[in-house]
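The values are calculated or read from the model by the stated rules, or taken from the named source; none is laboratory data. Please read these numbers as outputs of a predicted model, since none were measured by experiment. Every residue, glycine as well, gets a Cβ built from its backbone with ideal geometry; the counts of neighbours run over all protein chains shown.
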Amino acid sequence: MIPGHSRYVIVGAGIHGLSTAWHLAGELRRRGLGGGEDILVLDKRGVGAGASGIACGVIRNNYFQPAMRELMAHSVTVWESDPDAFAYHPVGYLQIAPEAMHKDVAKIFAEQQAIGYPSVLVEGSATAARTCWRCSATGGRPAPRRSCTSSGAATPTTSARCAAWPPRPRPRGCGSPPASPSPGSHTSGGAVTAVETDQGVIGCEQLVIAAGPWVRDLWAMLGLPSHIPVTTPDGTVHDDQPMWTYWALQEGTLAVDPSEFTTNEGAPPPVRARRLRRPALRRPHR
């Protein structure tokens with residue numbers, strides 16, 4: 001049963017919405033200000049029904065951007081805190097790179113060591129072959145101190161459902177019938193006071209939109225500007241720039257004939273088509 005009011009309403013039951021609900025519930029309890037019962041998660045279709053449900057499922061801290069290093073390390077510790085509850089499999093992560101990437105991989109390794117993230121850099125073809133053999137000799141699990149990183153894998157849809165249900169703190173609404181939210185006209189002084197769904201209006205004190213690429217549509221429902229001024233690092237102001245820009249990401253398909261993998265109707269495969277679109281948020285200058 002969808003309630004008529006909730007202190008916190010989160011739109012989107014993917015990894016961002018569920019993570020927000022989980023961390024918010026924990027913080028409310030720590031401060032003695034409430035808990036998961038004060039949070040309602042809404043989704044048009046269900047838990048993990050969008051991009052979160054088709055993610056590759058790799059849990060790792062092996063990204064090249066230094067700014068992400070500590071954030072990713074923290075994320076891995078969350079997954080490792082309760083593997084059963086998150087359907088997480090800590091099997092390790094092994095990256096095999098060509099000589100052209102030698103310096104980049106060494107840099108990643110050095111940065112991992114700097115923050116205490118467990119990893120091993122194996123250099124040389126003979127040593128690498130022995131390491132891979134030892135990994136396979138343990139039934140697919142890395143032998144002690146032989147895995148590249150402390151990482152693993154998870155099934156996205158299963159993990160999302162685990163995050164929404166016990167034993168994790170469960171916000172209200174995760175197990176309720178899906179509701180299509182529209183925060184359009186329910187505002188006061190510029191703040192959203194309620195969301196309108198296909199199952200009724202829900203009053204709220206705080207609204208969090210975690211709807212992935214659909215955030216553009218909810219932004220429009222709120223009557224917010226489609227074009228904004230953007231200031232670049234050198235101080236130049238570029239007026240009338242689109243608030244939302246979607247980039248086409250063709251990861252891993254650059255050398256593949258686009259017509260090789262299509263549906264019976266000749267259209268792109270649904271998973272790749274959905275993964276090609278990613279929103280880029282451009283914030284207004286203050």
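Data overview
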{"item": "Residue match in the range 244-265 (condition: under 30 Å from Ile2 (Cβ atoms), surrounded by 12 or more Cβ atoms within 10 Å (Cβ to Cβ) and modelled with pLDDT of 85 or more)", "result": "yes"}
{"item": "Enumeration of residues in the range 56-82 that are assigned to a helix (DSSP H, G or I) and either outside the structural domain of Val120 (by TED's automatic domain parsing) or touching a residue at least 60 places away in the same chain (Cβ under 8 Å) (or both)", "result": "Val76, Trp79, Glu80"}
{"item": "Matching option when the condition is over 30 Å from Ala211 (Cβ atoms) and either surrounded by 18 or more Cβ atoms within 10 Å (Cβ to Cβ) or out of contact with any helix residue (DSSP H, G or I) (no Cβ under 7 Å at 6 or more places or on another chain) (or both), among Ala106, Ala73", "result": "Ala106"}
{"item": "Sole exception among (1) over 17 Å from the mean Cα position of the chain (by Cα); (2) at pLDDT below 85; (3) surrounded by 15 or more Cβ atoms within 10 Å (Cβ to Cβ) for Phe64, by number", "result": "(3)"}
{"item": "Residues being within 16 Å of the chain's Cα centre (by Cα), buried (at least 18 other Cβ atoms within 10 Å of the Cβ) and among the hydroxyl-bearing types (Ser, Thr, Tyr) - total across the range 1-60", "result": "2"}
{"item": "Test for Leu24: is it modelled with pLDDT of 90 or more and part of a strand (DSSP E or B)", "result": "no"}
